[in-house]
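Visitor: Take a look at the following structure, please.
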Amino acid sequence: MPQEFIYYLFTTAVTVVIGIIGYFLKRTMSRSDQNEAAIRELRDDLLTLSDRYATKNDDFVRTMTRLETKIDKLKG
């Protein structure tokens, strides 16, 4: 009887540990995917930023503010 109880505790502990590892691995992979998507979006924004989008000083400041906001979201 005690051996069966110890075996039950051991298998339960192993299952819980595997579940915890899986949870954190999934969470890390999800964050990595989100960061890659945000970086891709920022890269596309930088590539499309040209003289026709920033001809006036106000347009340039607005565009740069948007990019800074996106970069701040990446850091946060």
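Visitor: Hey, does the stretch 11-27 have a residue that's part of a helix (DSSP H, G or I), surrounded by 10 or more Cβ atoms within 10 Å (Cβ to Cβ), on the phi < 0 side of the Ramachandran plot and of a type in the set (D, E, K, R)?
Guide: yes
Visitor: List, please: which pairs have Cβ atoms under 9 Å, are six or more places apart or on different chains, and start with a residue in the stretch 63-76 that is within 12 Å of residue 43 (Cβ to Cβ) and end with one that is not in a helix (DSSP H, G or I)?
Guide: 67/49
Laboratory data are not the source of any read-out in this text; all were calculated from the coordinates shown. Since we're looking at a predicted model, the values are computed, not measured. Glycine also receives a Cβ, built like all others from the backbone with ideal geometry; neighbour counts cover every protein chain displayed.
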